[in-house]
Amino acid sequence: MITKIKKIVSPTNPLRNFWHFLWSFFATIIYRFPSRKITVIGVTGTNGKTTTANLVARILEANGERVALATTINFWLGEKKWDNLTKMTSLGRGGVQKFLRQAVNAGCTHAVLEVSSHALTQNRVWGVNFNAAILTNITHDHLDFHGSLDEYITAKERLFWRLAKNRESGEKIAILPAEDTNIERFLRVPEVGTITFGFKKGDLRAENLVIRESSQEFDVVGMENNFKLKTKLLGNFNILNILAAAALSLALKIRPTTIRKVFRRLEPLPGRLETVEAGQNFRVIVDFAHTPDALEKLLRTFRAVTPGKLWLVFGATGDRDREKRPIMGALAAKFADEIVLTSDDPFTEDPEKIIFEVREGVPREEGSGFTIEADRKKALRYALESAEKGDTVLLAGKGCEQFQVVGKKKIPWNDRKIARQILEKRFAKLKK
């Protein structure tokens with residue numbers, strides 16, 4: 001009986017998601033099939049979706065296109081641009097079709113959509129004719145929702161099968177990570193032209209990488225192109241995001257000079273490796289890293305360029321995948337000199353319980369490069385008032401989010417703003 005009940009309430013049960021399908025079905029009709037009148041690009045993957053979607057949108061805009069964009073952090077409708085305050089990666093029931101109709105009415109030629117595994121499982125993008133799709137990567141996440149890694153990958157595959165079902169004329173393009181272990185499952189999708197990207201393998205590759213303190217430079221090689229690209233976006237993971245966006249752009253016949261120009265001018269996105277500057281003599285970075293893979297990449301990136309101590313302030317989200325909590329704790333202990341374990345968004349869980357489960361992966365005793373402070377503001381203050389010249393302080397998990405969810409309440413919150421206030425106060429004290 002218990003097993004049957006679990007199957008009924010499972011988020012991947014088709015019956016449970018039938019309501020979402022109905023909303024999408026009727027929305028497609030109500031908004032008069034808008035995706036038939038605009039080029040739609042979907043971006044999915046565990047990490048890098050928001051960055052990659054924004055990169056694609058910026059390249060398209062630089063190429064003279066009128067662009068609509070919907071991601072975890074922002075929306076565009078041509079020149080109208082605003083922040084996403086919902087915490088939702090993908091628009092809700094019927095919201096995708098409404099957004100696409102608004103894009104068509106605004107005269108947009110292209111729409112770039114960040115597409116989550118939840119949205120794909122719940123049929124929220126049913127009825128959308130995708131012209132291109134990008135997979136950034138597949139790593140451990142959302143297993144609380146999908147039940148297993150296999151089901152999670154299956155959800156991601158749905159975007160590419162939906163791409164294959166597009167009956168409109170024109171080439172259908174899939175951009176895939178060549179070095180991802182799960183790529184074969186995506187290559188089997190029929191009637192889709194695939195382009196791969198990577199470091200050592202792929203149709204488009206990054207070679208001759210030169211890393212500097214605040215930028216990196218590399219050659220983009222492949223697809224009958226070879227050009228040098230310089231960017232302020234740090235980390236190998238961002239190189240892969242750039243390659244994905246560049247591969248699609250080249251497939252759309254956008255010139256390399258346009259792509260180079262975009263990255264030469266581009267600043268880090270809000271809450272994605274965003275630097276907080278207030279006159280301090282150490283580096284402070286705010287990032288959204290909230291999965292084991294993203295956290296490891298963040299730590300590796302700044303471990304390599306930090307002459308002093310590497311600080312990490314982080315927590316884990318409540319009511320989400322509990323398996324990743326001790327894994328993230330172990331990664332913190334492996335790379336960070338100073339760990340400050342705190343709250344993220346506890347939702348309906350006890351913050352102390354979440355901290356305990358993360359703490360199980362940390363083989364250190366408190367006081368030995370390890371501090372527990374459930375109050376996130378106090379945790380930030382401790383790290384930012386303790387850091388010294390040459391250190392790097394990573395504030396991970398919240399990114400540019402503007403509230404913290406505790407129980408059913410949304411409490412105003414902004415890591416960047418609070419960090420800047422703490423730094424300015426400390427710096428003002430030093431100047432006196």
Next item on the list: Just give me the residues in the range 288-299 being touching a residue at least 60 places away in the same chain (Cβ under 8 Å) and not hydrophobic (A, V, I, L, M, F, W, C), in sequence order.
Entry: His290, Thr291, Pro292, Asp293, Lys297
Next item on the list: For the range 374-432, enumerate the residues that are assigned to a helix (DSSP H, G or I), within 23 Å of the chain's Cα centre (by Cα) and either buried (at least 16 other Cβ atoms within 10 Å of the Cβ) or assigned by TED's automatic domain parsing to the domain that holds Trp82 (or both).
Entry: Arg376, Leu380, Asp415, Arg416, Ile418, Ala419
Next item on the list: Please state which one of Ile29, Ile5 is modelled with pLDDT of 50 or more, exposed (fewer than 15 other Cβ atoms within 10 Å of the Cβ) and assigned to a helix (DSSP H, G or I).
Entry: Ile29
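Do we find that Ala330 is of a type in the set (A, V, I, L, M, F, W, C) and closer than 19 Å to Ile418 by Cα in this structure?
On the way: of a type in the set (A, V, I, L, M, F, W, C): yes; closer than 19 Å to Ile418 by Cα: no.
Spelling it out, it is not the case that Ala330 is of a type in the set (A, V, I, L, M, F, W, C) and closer than 19 Å to Ile418 by Cα.
Okay, residues lined up against (1) touching a residue at least 60 places away in the same chain (Cβ under 8 Å); (2) among the polar types (S, T, N, Q); (3) farther than 26 Å from Glu114 by Cα:
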residue: Leu187; (1), (2), (3): no, no, no
residue: Gly198; (1), (2), (3): no, no, no
residue: Arg205; (1), (2), (3): no, no, no
residue: Val220; (1), (2), (3): no, no, no
residue: Glu224; (1), (2), (3): no, no, yes
residue: Phe227; (1), (2), (3): no, no, yes
residue: Thr231; (1), (2), (3): no, yes, no
residue: Gly235; (1), (2), (3): yes, no, no
residue: Ile239; (1), (2), (3): no, no, no
Notebook entry, point to check: So which pairs qualify, if the first residue must be in the range 257-268 and within 12 Å of Ile59 (Cβ to Cβ), the second must be among the hydrophobic types (A, V, I, L, M, F, W, C) and modelled with pLDDT of 95 or more, the Cβ gap must be under 6 Å, and the two must be at least 6 apart or on different chains?
Noted result: Thr258/Ala62; Ile259/Ile59; Ile259/Ala246; Arg260/Leu229; Val262/Ile59; Val262/Ala62; Phe263/Leu229
Notebook entry, point to check: Among (1) on the phi > 0 side of the Ramachandran plot; (2) touching a Lys or Arg at 6+ places or on another chain (Cβ under 7 Å); (3) not aromatic (Phe, Trp, Tyr), where does Glu385 come up short?
Noted result: (1)
Check: Of everything in the range 101-129 that's among the β-branched types (Val, Ile, Thr) and not in a loop (DSSP other than H, G, I, E, B), which residue is surrounded by the fewest Cβ atoms within 10 Å (Cβ to Cβ)?
Finding: Val104
Note to self: Residues that are within 17 Å of Glu388 (Cα to Cα) and outside the structural domain of Ile372 (by TED's automatic domain parsing): list the strands (runs of 3 or more DSSP E) wholly contained in the range 272-342 that include at least 3 such residues.
What the structure shows: none
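The values are calculated or read from the model by the stated rules, or taken from the named source; none is laboratory data. If you're wondering where the values come from, they're calculated on a predicted model, not measured in any experiment. Using ideal geometry, Cβ is built from the backbone for each residue, glycine included, and neighbour counts are taken over all protein chains shown.
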